[in-house]
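The values are calculated or read from the model by the stated rules, or taken from the named source; none is laboratory data. Please read these numbers as outputs of a predicted model, since none were measured by experiment. Using ideal geometry, Cβ is built from the backbone for each residue, glycine included, and neighbour counts are taken over all protein chains shown.
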Amino acid sequence: MKTYLRLLLFILIFSSCNLLENIPKKNETLDFDQKNNIQKLNLDDLSADDKSKLDSLSSIYRESSEVIVNSEDNNLIDYILNESKGDTIILSNLSVQTLTRGKTSSYNYDGKKNDVFSYEFQNNGSKKINSISILEGEQIRFAYSNLRKKNKINGSFKVLEDNQIVLNIVNNGFFKSNLKVIIKQIANNYKTEVIKDSVIGHEKAFQKVTDTLYIIDQNKDYKISPYLDITNSTSLSIPINFKNDEKILAWGFWFSLNKEDLDSYIAITESNEEDPLILFAKSELGNKNRKNYLPITKNPFVETSLELVYDATPSLNSEKNFNFFIEDSLSLKKFNKGFLNLKNYSKLYDFDVNYKLLKVISRVRLVEVEVPILNNFIRIVKY
């Protein structure tokens, strides 16, 4: 009786499996990372200009095993390489029996970057195979479910990195099936190198150039009378101002109170072929090999004061008769006008004043220049 029941149960299970097998199902193919799957190249997709370039580049590659391709023509690289494939290695060409009850049969292969793996599977058994998948490392590159008897599927993909390629076959049924497996590997036989920033010509362009200009803005003569002179002024107030649209980097002044100082200033100008106040400004801004080119006035009778609308600290090398100020953007916004005040306390002597005002400004101009035309290239070398 027990034997009869077991036989009946077996017949019911077998019938159920056949019933499920015969229910129509849509085969499911999962295509991962489509851009890395190998597709057939069609020359008709190329323009006439691209075809002409391809003929020339392919000829060079065949004859010299090396070719340099403009980065703008990188769409032709696959066509060039397609004409010179590496060796094809048959990794598997066999019929395997699947395991049963959801067990997995696995086969491992070594893959190198840019190798092409092609696959072909045909179910030669009487039962469907539930799942066939190919993994590159942890990434699924191909998956197919419910491969029915006598059905065949094939394809190929390019290996992304050096990795293990694993073929997994799963059958959930109680009965084994037979699967024809063909795995081929087309070895990568080339290497590529990007050549960056190669000069392919020159073109004219406009370029902004910033000039630093040293300008003597004022050069004027004044006179201050002695203290006892009641008909003329014994004090002098010289205005200091700049244009609002100028970018002032620094400014300064120098004045003389006698002819000897002015003569000395002129002599320094002639010997250095440049104005002493400008030389002094360059020395202060450069902060290297500082040298005082300016005559120092030693006059005990004239008192000087500087009247500004903002706090300004003169450079360390400033003296009684010359000051130099290095501006910042905040100070410049505040500064629009100031005064240099001189007062003569001598009862007998008047003094001739020569006053010079210097401004250091930044000015931007456009100049026409020749600039290199740069491009990237791709070198392909066969090995």
*Kindly indicate whether any position in the stretch 326-335 is over 19 Å from L236 (Cβ atoms), modelled with pLDDT of 80 or more and surrounded by 11 or more Cβ atoms within 10 Å (Cβ to Cβ).*
yes
So is T297 modelled with pLDDT under 90 and buried (at least 18 other Cβ atoms within 10 Å of the Cβ) or not? yes
Those residues of the stretch 106-118 that are surrounded by fewer than 22 Cβ atoms within 10 Å (Cβ to Cβ) and within 15 Å of I182 (Cα to Cα) come to a total of 6
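Could you check the stretch 9-113 for strands (runs of 3 or more DSSP E) lying wholly inside it with 3 or more residues that are modelled with pLDDT of 80 or more and closer than 25 Å to F175 by Cβ?
Filter on the stretch 9-113 gives 88-97, 103-111.
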Those residues of the stretch 258-270 that are more than 19 Å from N323 (Cα to Cα), acidic (D, E) and either buried (at least 18 other Cβ atoms within 10 Å of the Cβ) or touching a residue at least 40 places away in the same chain (Cβ under 8 Å) (or both) come to a total of 0
All conditions in (1) farther than 23 Å from I200 by Cα; (2) touching a strand residue (DSSP E or B) at 6+ places or on another chain (Cβ under 6 Å) are true of Y345 except (2)
Residue hits (the stretch 114-151; among the β-branched types (V, I, T) and at pLDDT 90 or above) are I129, I132, I134, I140
> Does the stretch 249-257 contain any residue that is without any contact (Cβ under 8 Å) to a residue 60 or more places away in the chain, of a type in the set (S, T, N, Q) and within 18 Å of E319 (Cα to Cα)?
Replying inline: no
Restricted to the stretch 134-165 and to residues being among the charged types (D, E, K, R) and within 36 Å of the chain's Cα centre (by Cα), the residue surrounded by the fewest Cβ atoms within 10 Å (Cβ to Cβ) is E138
Picking from S235, S225, S256, the residue that is more than 30 Å from E370 (Cα to Cα) and in contact with a helix residue (DSSP H, G or I) (Cβ under 7 Å, 6 or more places away or on another chain) would be S256
